[in-house]
Each structure stands twice: as structure tokens, then as C-alpha cells.
Amino acid sequence: MLTDTRYQRRKRLALLAILGAAIAWIAFDALLGGSAEWARVISRLPLLLTGSGPAWSIQGGFAFNVLMGMLSMAIATLLGLLMGIALLARNAWLRRGAFMIMNFLRNSPWIVLLFAMLYLLPHRVELFGTTLSFSPFFKAVVGLSLPTAANFAEIIRGAVGSVHSGQWESARSLGYGTAQIYRQVILPQALRRMIPGWMNLYALLMIATALATVTGVQEVVTLLRTTLAMESETALVYFYLTVLLMFFLYCYPIALLARRLENRTKGDAI
Amino acid sequence: MTARNQSLIELDGIRKSFGGNEVLKGISLNVAKGEAVCIIGPSGSGKSTILRCINGLIPIDEGFVRVGKHRVHEIRHERGMRPLRRQVAMVFQQYNLFPHRTALENVMMAPVQVLKHDPGEVRERAIALMAKVRLAGKESSYPGELSGGQQQRVAIARALAMQPEIILFDEVTAALDPETVKDVLTTIRELVEEGMTCLLVTHEMRFAREVADRVCFTDHGLIVESAPPAALFDTPQDPRTREFLSQVL
Ligand SMILES: Nc1ncnc2c1ncn2[C@@H]1O[C@H](COP(=O)(O)OP(=O)(O)OP(=O)(O)O)[C@@H](O)[C@H]1O
Ligand SMILES: [Mg+2]
């Protein structure tokens with residue numbers, strides 16, 4: 001306990017030192033003429049955030065990253081749930097099949113999956129006379145949700161497996177059937193343990209949305225590489241720094257909250 | 001469904017292996033209605049496995065298991081085990097309460113969800129049982145907020161709420177602090193005195209001598225000796241029993 005609080009204090013001091021250094025560096029840099037570059041960044045901030053110049057309508061930019069992240073997460077949660085159920089199924093073939101798909105997706109580099117979507121999904125399909133066209137946005141969302149779903153399935157399997165085997169035994173000895181045991185005993189306990197992992201996964205996915213630039217979707221990195229490519233080289237450094245900061249400010253609080261929840265579930269009995 | 005004898009529980013020549021490890025090598029045991037039988041023996045001798053064969057938590061490889069009118073070794077499906085599980089309750093060393101439910105909910109869950117009894121009636125029964133195990137007032141505590149001894153008594157109340165004919169106790173005091181052991185043993189003693197059929201695996205030799213009608217000593221998957229407590233503890237016949245008792249007494 002004692003060493004734990006001392007460790008926490010040191011960690012806080014280290015973080016403060018880093019923050020202080022960053023502020024000092026920015027102030028110093030501004031004195032050396034960096035302020036002009038910052039002004040450039042600020043004038044283009046609406047573009048970075050929404051993909052459209054001065055008007056605040058969402059055409060891309062960081063908002064697209066957020067949107068892609070949320071959509072992919074929603075799809076991944078649904079797919080991952082199905083895959084997770086298959087992983088726990090009594091039928092051995094279903095289980096093995098799900099296991100192979102999950103491991104394949106979990107061990108593929110995300111960027112390769114995104115490129116694969118580019119070539120696997122057609123530009124448009126004719127269905128009952130109506131033409132569906134797959135936009136880069138759609139492809140990016142599919143490409144991102146696949147590995148996320150596989151990771152979520154593994155989180156589900158881990159959480160269910162982490163419930164003590166004594167819970168199964170006592171529920172069975174009370175006459176519960178398998179489905180009832182999942183519903184009444186295992187899932188309520190597993191769910192609590194899944195949530196931190198799910199949140200971490202979302203933060204990870206959010207970071208990975210930057211990779212979607214390979215599909216040509218107008219997200220923030222694509223903007224940096226196209227619309228903003230004619231900025232001066234020094235200005236670009238500031239633009240990239242700003243984008244890094246955006247991702248950090250969005251993802252870090254999620255990771256923090258997840259860690260806090262995780263610590264709380266650790267205190268659970270059994 | 002004829003009983004081969006009058007016992008409530010009848011085990012005949014049961015064998016069980018885990019992988020290549022033969023854990024039970026022909027266990028035969030009869031328990032009559034209202035009888036309290038204690039099983040003692042060294043760690044790993046198969047005591048817990050015997051109990052788990054009785055309520056079908058573990059399928060046996062060979063032999064005959066009957067509880068009341070249920071021939072346990074013939075039941076192939078988990079679903080077929082349900083009527084048996086209503087008749088036989090089990091209390092575990094690690095309590096195995098459901099940590100996400102309060103003490104009272106733990107006691108009420110199975111009668112309502114499995115037996116489909118009326119919740120209002122079950123609630124009254126559960127409150128009475130909590131009082132019986134001397135935990136009145138702890139109804140809305142979560143297992144994590146209770147001491148080991150209190151959790152174990154909730155587990156006993158949970159078993160009783162199923163209105164079983166038989167209760168299997170698997171070293172229920174082994175994980176407890178010495179002070180709380182007494183409360184749990186008192187609760188069990190009362191059940192035995194009320195005539196509940198009990199099969200107890202225990203390391204508490206004094207307790208076994210007090211409450212048991214019969215004590216069985218197991219070693220390496222066999223029941224080596226079985227006798228009334230006075231005989232088994234004072235004049236053990238088998239050298240292995242003598243050696244074990246000299247170590248634990
Ligand atoms: N599910 C299982 N899978 C594999 N081996 C098992 C399993 N359950 C029990 N065993 C083995 O069977 C043997 C007997 O186990 P059991 O739990 O019945 O012993 P015990 O007499 O209850 O011991 P203890 O006093 O330590 O509880 C042990 O060697 C154990 O390793
Ligand atoms: Mg045991």
C-alpha cells in the first residue's frame with residue numbers, strides 16, 4: 001500500500017514535469033517565431049476538425065475519424081458478440097470455425113485489412129435494379145470493424161472464462177441449466193469485466209482510424225496529405241503536432257476511465 | 001426404478017479417472033435417510049470427487065450411483081440431472097455464492113428461477129432461513145461484505161432453500177478462520193439433529209466424532225475403513241487409518 005501511494009506520487013510528479021516542459025517549449029518556440037505557424041494552424045482548425053473550410057458542416061477531418069470510430073465500434077460490438085457466442089458454443093465445429101476467424105483477424109495488420117477492403121469490396125453493386133456504391137468511408141468502416149470485432153470476441157471469451165469455475169459448479173448443483181447459468185450467473189459478472197476492455201478497444205480503434213487514409217476517405221490524415229500539403233514544411237510540423245494532440249485528448253481520458261473501472265472490478269469478490 | 005436396498009444414497013463400485021489418473025478405485029457406500037456420514041482422509045484421496053459423483057457434477061466411468069429413485073450413472077444429459085439436483089444440495093469449501101447478488105437474493109434465486117416457486121412465498125422462507133443460520137439483518141449485504149463464516153452460512157441457507165432431502169458438505173470450514181468455524185459447525189449440527197441426511201467431507205475430527213453416525217476413511221481412491229465414530233477413532237483397524245489419525249489428532 002505504502003509503496004503504491006509513493007509510486008502514484010512519483011508518477012504524478014513525472015507527468016507534471018512533462019507537461020511543464022511542453023508548455024515551456026511552446027512558449028520558447030513562440031518567442032522564436034513559432035507563433036506565426038500556430039496562427040496558421042488555428043486559422044485552418046475548422047478544416048482539420050470538420051473537413052470544410054470556414055463553414056461548420058461536417059465533410060471530413062477529425063469529425064470523420066470520430067464518426068468512423070463510433071460506427072465501426074457499433075458494428076464490431078455486434079459482430080464481436082456473435083463471434084464471442086460462437087467461441088463459447090457447445091458445438092465443436094462452430095467453436096473451431098469462430099476460433100480460426102478470430103485469430104486470423106486478430107493477427108492481421110489493420111492496414112493490410114484496410115487495403116484488402118479497397119480491393120475486395122467492389123465500387124458498386126447492382127441489387128434488384130438499385131445501384132449501391134461503396135464509398136471509401138464505408139470501406140474504411142468495414143475494414144476497421146473486422147479486427148475490432150475479433151478483439152472484442154476475445155475480450156468476451158476472456159471475461160466469461162475469468163468467472164470462477166466454482167460459480168458453474170454451484171449453479172449446476174442448484175439445478176440451473178446451461179442457458180440459465182449464462183444469463184443469471186456468468187454474464188452479469190462477465191459484463192462488468194468486459195467494459196474496461198471494450199473501452200480500451202474503442203480508444204485503440206479511434207487511433208487506428210488514422211490508417212483509413214489509405215482508403216482515400218477525407219479524414220484528418222488525408223487532409224494533411226492533400227489539402228494542407230502545400231503549407232510550408234515548418235508549418236506542417238505544427239499541423240501534425242496538432243493532430244497528434246487531438247487524438248491524445250480524445251483517447252487518453254477514455255483509457256483513464258477504463259483503467260479506473262478495471263481497478264474497481266478487481267476488488268470484486270472471487 | 002426399484003431400489004436395491006433401503007438406503008437413500010447407494011454407491012456401488014464407482015470408478016473414476018481423470019486422464020490417466022485413477023482417482024476412485026471402487027467406492028461403495030450406503031447412506032440411510034436421516035443419517036450423518038463423515039468422510040475423512042488425506043488430501044487428494046478422492047473425497048470431493050465422491051461427493052461430485054453423487055449429484056452428477058462429475059460423470060463416473062464405472063459403477064452404480066443411486067439417490068432416492070434416481071439412478072445417477074444412467075442419466076446422460078444435464079437436463080436429466082435437474083430432478084436429482086432438487087433433491088441433493090451441495091455446500092462448497094469456497095462458498096461459491098453469487099457475488100453480484102445480495103445474501104437474500106442468493107438464497108431466493110434458485111427456488112424462484114429453477115423450481116418456479118412463488119417469489120413471495122420464497123422470500124418469507126428465505127428470511128426465515130437467514131434467521132435460522134443466525135444472519136438476520138444481513139439480508140441485503142453482498143457476499144463481498146460478509147466474513148467467510150457468514151458467507152458459508154448464507155451458502156447453507158441457499159442449499160436449504162431448495163428444500164433438499166440430502167445435503168453434501170465439502171470441507172465447508174477448511175477456508176474459514178478458527179473463530180467463525182464454530183458458527184458454521186453449530187449450524188450444521190442443528191441440521192443433523194433435525195434429521196437432515198448429510199454427507200460431510202471434513203478435517204474437523206472432533207466435530208466428526210460428535211455429529212456423525214458413521215465415519216468413512218478414504219485413502220487413494222478407496223474407502224479403507226467405515227465405522228461408527230467411537231470405533232473408528234478409538235480402535236482403528238487398518239494401519240493406514242491409524243497412521244492418518246496419528247497425524248491429524
Ligand atoms: N476435474 C479434475 N480434473 C483432473 N483431475 C482432478 C479433477 N478433480 C480432481 N482431480 C484429481 O483427483 C484427485 C482427488 O481429488 P479430490 O478433490 O477428490 O481429493 P480430495 O480428497 O477432496 O482432496 P482435498 O482434501 O485436497 O480436497 C486429485 O489428485 C486431483 O488432482
Ligand atoms: Mg476436496
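The values are calculated or read from the model by the stated rules, or taken from the named source; none is laboratory data. The structure presented is a predicted model; accordingly, all values stated were derived computationally and were not measured. Here the Cβ is made from the backbone with ideal geometry for all residues, glycine too, and neighbour counts use every protein chain on show. What goes into the accessible areas is simple: the full protein's heavy atoms, side chains included, and nothing from ligands, DNA or RNA. Shrake-Rupley method; radii C 1.70, N 1.55, O 1.52, S 1.80 Å.
Figures for the structure shown
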item: Table column - 3J(HN,Hα) (Hz), the range B:75-89, Karplus curve with 6.51, -1.76, 1.60, x for Gly and Pro; result: 7, 9, 10, 3, 4, x, 6, 3, x, 4, 5, 6, 8, 10, 9
item: Label point distance in nm, A:I85-B:M205, each placed 7 Å from Cα along Cα→Cβ; result: 5.6
item: FRET efficiency, 1/(1 + (r/R0)^6) with R0 51 Å, evaluated for B:E145 and A:A36 via beta carbons; result: 0.25
item: Residue mean of other protein chain beta carbons inside 10 Å, B:85-97; result: 4
item: Karplus 3J(HN,Hα) series, Hz, for the range B:168-185 with 6.51 cos²θ - 1.76 cosθ + 1.60 (x for Gly, Pro); result: 9, 10, 9, 6, 6, 10, 5, 9, 9, 5, x, 5, 8, 4, 4, 4, 5, 5
item: Label point at A:Q59 placed 7 Å out along Cα→Cβ; residues across the range A:222-238 whose backbone nitrogen lies under 17 Å; result: A:222-230
item: Selected from B:N21, B:N55, B:N96 as most flexible by GNM, with chain B as the system and alpha-carbon contacts under 10 Å; result: B:N21
item: Per residue, in Å², the accessible surface of the protein assembly as shown once ligands and nucleic acids are set aside, probe 1.4 Å; result: 50
item: Cα-based Lys proximity count in the protein assembly as shown, under 21 Å, for pairs eight or more positions apart or on separate chains; result: 7
item: Exposed chymotrypsin sites (Phe, Trp or Tyr not before Pro) absent: longest stretch of chain A, with sites in DSSP loops and at most 11 other Cβ within 10 Å deemed exposed; result: A:129-270
item: Rg(Cα) / (2.2 N^0.38 Å) computed for the range B:1-117, rounded to two decimals; result: 1.16
item: Gain upon complete extension [B:F18, B:E62; 0.36 nm per residue less C-alpha separation]; result: 14.5 nm
item: Stokes-Einstein D in µm²/s, Kirkwood radius over Cα pairs - chain A at 4 °C with 1.567 mPa s viscosity; result: 60
item: Charge context of B:V215, other residues only, Cβ under 10 angstrom, K/R +1, D/E -1; result: 0
item: Exposed trypsin sites (Lys or Arg not before Pro) absent: longest stretch of chain B, with sites in DSSP loops and at most 16 other Cβ within 10 Å deemed exposed; result: B:135-249
item: Cα centroid separation, the range A:24-39 to the range A:75-131 (Å); result: 47
item: Between the range B:30-56 and the range B:144-180, the Cα center-to-center distance that results, in Å; result: 17
item: Interface area, B with A, accessible, probe 1.4 Å, both sides summed, Å² nearest 100; result: 2000
item: Candidates A:M70, A:M230, A:M117, ranked by Gaussian network fluctuation over chain A, Cα under 10 Å, top entry; result: A:M230
item: FRET efficiency, 1/(1 + (r/R0)^6) with R0 35 Å, evaluated for B:A230 and B:E179 via beta carbons; result: 0.80
item: Estimated inter-spin distance, A:R9 and B:E243, nm [label 7 Å along Cα→Cβ]; result: 5.8
item: Chain A: angle of helix A:35-50 to the longest principal axis, Cα-based, in degrees nearest 10; result: 50
item: Share of carbon and sulfur in the accessible heavy-atom surface of the protein assembly as shown [1.4 Å probe, %]; result: 61
item: For B:S48, solvent-accessible area (1.4 Å; no DNA, RNA or ligand), Å²; result: 40
item: A:M68 accessible area, 1.4 Å probe, all protein chains in place, Å² to nearest 10; result: 0
item: Amide proton proximity set for B:L29, modelled H, under 5 Å, gap of 5+; result: B:L11, B:D12, B:G13
item: Beta bridges per DSSP with both ends in chain B, % antiparallel, nearest 5; result: 55
item: Using θ = phi - 60° and Karplus 6.51 cos²θ - 1.76 cosθ + 1.60, couplings along the range B:9-20 (whole Hz; Gly, Pro as x); result: 10, 9, 10, 9, x, 7, 10, 8, 10, 10, x, x
item: Computed lengthening from A:H164 to A:A17, 0.36 nm per intervening residue step minus Cα-Cα distance; result: 48.7 nm
item: Modelled label reach - A:L241, point 7 Å along Cα→Cβ, the range A:2-29 residues with backbone N closer than 16 Å; result: A:18-29
item: Contour excess over end-to-end distance, with Cα ends at B:N5 and B:L115 and 0.36 nm allotted per residue; result: 36.7 nm
item: Shape parameters for chain B, alpha-carbon atoms, Rg then Dmax in Å; result: 18.0, 55
